[in-house]
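First up is the structure itself, then whatever we jot down about it.
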Amino acid sequence: MKARLAMKRPIKAIALISGGLDSLLAAKVIQEQGVVVEGINFFTGFCVEGHTHAIRKKDKDKLKRNNALWVAEQLDMPLHIVDIIEEYKDVVINPQHGYGANMNPCLDCKIFMVSKAMQWIADSDYEYDFIITGEVIGQRPMSQRKETMPVIAEQSGANDRLLRPLCAKNLPPTLPEREGWVDREKLFDFSGRNRKPQMALAEHYGFTDYAQPAGGCCFLTDKNYSSKLADLWQARGERAYELDDIMLLKVGRHIRPKSHYKMIVAREEGETRFLQGYKKQFPHLQPISHNGPLTLLDGMPTAADLELAAQITARYSQGRDAESVTVEIMFEGETSTLQVSPLAAHEISPDWMI
Amino acid sequence: MSVLKQLDARNLLCPLPVIRTQNMVKSLHPGDTLEVVGTDPGILNDIPAWCRISGHEVLEQHSGDNEYVISLKVGDRLRGTS
């Protein structure tokens, strides 16, 4: 960070904004002390904040908003959204501190994001004095513990320019506190998983419509999603992914009848529409005699695999009880049709379901 | 003279259209117009929200054939590096 010339400009901070309540409050607490705060939000590809959760018709009544942008509006501050998809791969694939309950590398993720904020500041034409996060000691079992707080500060390179306003009183004073840029007495001593202090503070500030994602802000904390990612790596024989891979893990039923290919079967119209965008990249099937789902085939299916794939696709169509369903197949650049009998429910092995 | 630019954000899910918009606006000047075309209906909410916090003006937005179009005018209010 660039040295601040004596009182030539206001104190400025960058707040990591996930879109959740804690980062909203952390930024607000510092704004209230007269510090100019700008938000930064990192897009990893695994963020729940995207609208993939709204693809399905059953989710259509959910408010389609990006919560990080909503937070920035509430605080009337700029928000810088940064694409870190490529760089983030190494965090997911090789986390130095390991995974949490699922494929979530939470501690490495936090270190990475704070270090990226430091890098963003260094590359900026503007000057910022410190970084804010909404971390609370004891809030998360992996990354937000008393022992991990100094690890994040040190390994990110932020050191004592990293301020956690919601639990600062439980930690040694940071540079902004020691320099008097912020008043430590007006910071908080929240700890543990109890959300009541945050909810009370939100009420104090008049925030009512804030996001409360049940599983955090990242798909990697989700058991089902993590299983699909582990399956993808196992099937490919390497721990690697592209953005399309991780987007598709969020959509449809994933069925692996054989080790060398899997099916992504749209669960309803919204998902079929979404998967349409991938038809050029994947062999695909869709019933034409009955309404039914678009199905992508990922991997190395052979021509001999197509009949089983068609039977499974037919199982999820409106012709599931019919004797025969006609399925259109696009495979190796050729379009063909197959008449198949839909598989019965008991013929679909639970082992195929990812 | 103001410039009219177009951004194709089709088949991108939010927040990628917002990120692409943000990055393109950095290369434009106050008064320039940017038209963003996308297929994620979320852009109708997110890009106007981003414009409001970044000091840009939404001129028009409309939808049809599963596509959504937003025209914005680059503002002269300097907020951060947006």
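Every number here is computed from the coordinates shown, using simple stated rules; none is lab data. As the structure is a computational prediction, the values presented were derived from the model and not from experiment. Note that we place each Cβ from the backbone using ideal geometry, even for glycine, and neighbour counts take in every protein chain shown.
Brief remarks follow.
- Amide proton proximity set for residue A:80, modelled H, under 5 Å, gap of 5+: A:39, A:40, A:41
- Fewest-first ordering of A:352, B:50, A:70 by other beta carbons within 10 Å of each residue's beta carbon gives A:352, A:70, B:50.
- Each principal axis of the Cα cloud of region B:19-67 was evaluated for its coordinate range; sorted largest first, these ranges are 31, 19, 17 Å.
- Unsatisfied cross-links (Cα-Cα over 19 Å) in the set A:28/A:116; A:116/B:5; A:116/A:196; A:89/A:110; A:12/A:89; A:8/A:116: A:28/A:116; A:116/B:5; A:116/A:196; A:12/A:89; A:8/A:116
- Alpha carbon centroid spacing (whole Å) that separates region A:212-281 from region A:319-354: 20 Å
- Projecting the Cα atoms of A:21, A:251, A:182 onto the charge dipole of chain A, computed from C-beta unit charges around the Cα centre, puts A:182 farthest toward the positive end.
- Across chain A, the volume of the C-alpha convex hull divided among the residues equals 146 Å³ per residue.
- Exposure proxy order (Cβ contacts within 10 Å, fewest to most) of A:80, A:346, A:290, B:56: A:346, A:290, A:80, B:56
- Couplings 3J(HN,Hα) of region B:15-30, computed from phi: x, 4, x, 5, 5, 5, 5, 4, 5, 6, 4, 4, 8, 9, 10, x Hz, in residue order, whole Hz [Karplus 6.51 cos²θ - 1.76 cosθ + 1.60, θ = phi - 60°; x for Gly and Pro].
- Listed residues A:82, B:4, B:70: farthest to the positive end of the dipole of the protein assembly as shown (Cβ charges): A:82
- Using the Cβ-Cβ distance between residue A:345 and residue A:154 with R0 set to 45 Å, the FRET efficiency works out to roughly 0.25.
- Karplus-derived 3J(HN,Hα), 6.51/-1.76/1.60, for each residue of region A:110-124, Hz, glycine and proline x: 5, 4, 4, 5, 5, 5, 5, 5, 4, 5, 4, 4, 4, 7, 7
- Taking θ as phi - 60° and the Karplus parameters 6.51, -1.76 and 1.60, the scalar couplings of region A:291-299 work out to 5, x, x, 6, 10, 9, 10, 10, x Hz in sequence order, x denoting glycine and proline.
- Net dipole in debye of region A:95-166 [+1 Lys, Arg Cβ; -1 Asp, Glu Cβ; about Cα centre; nearest 20]: 400 debye
- Mean per-residue shielding of peptide B:4-12 is 1, counting Cβ atoms of other chains within 10 Å of each Cβ.
- Assuming charge only on the beta carbon of Lys and Arg (+1) and of Asp and Glu (-1), the dipole of chain A about its Cα centre is about 780 debye to the nearest 20.
- Selection from A:104, A:151, A:318 lying farthest towards where the dipole of chain A points positive, charges on Cβ: A:151
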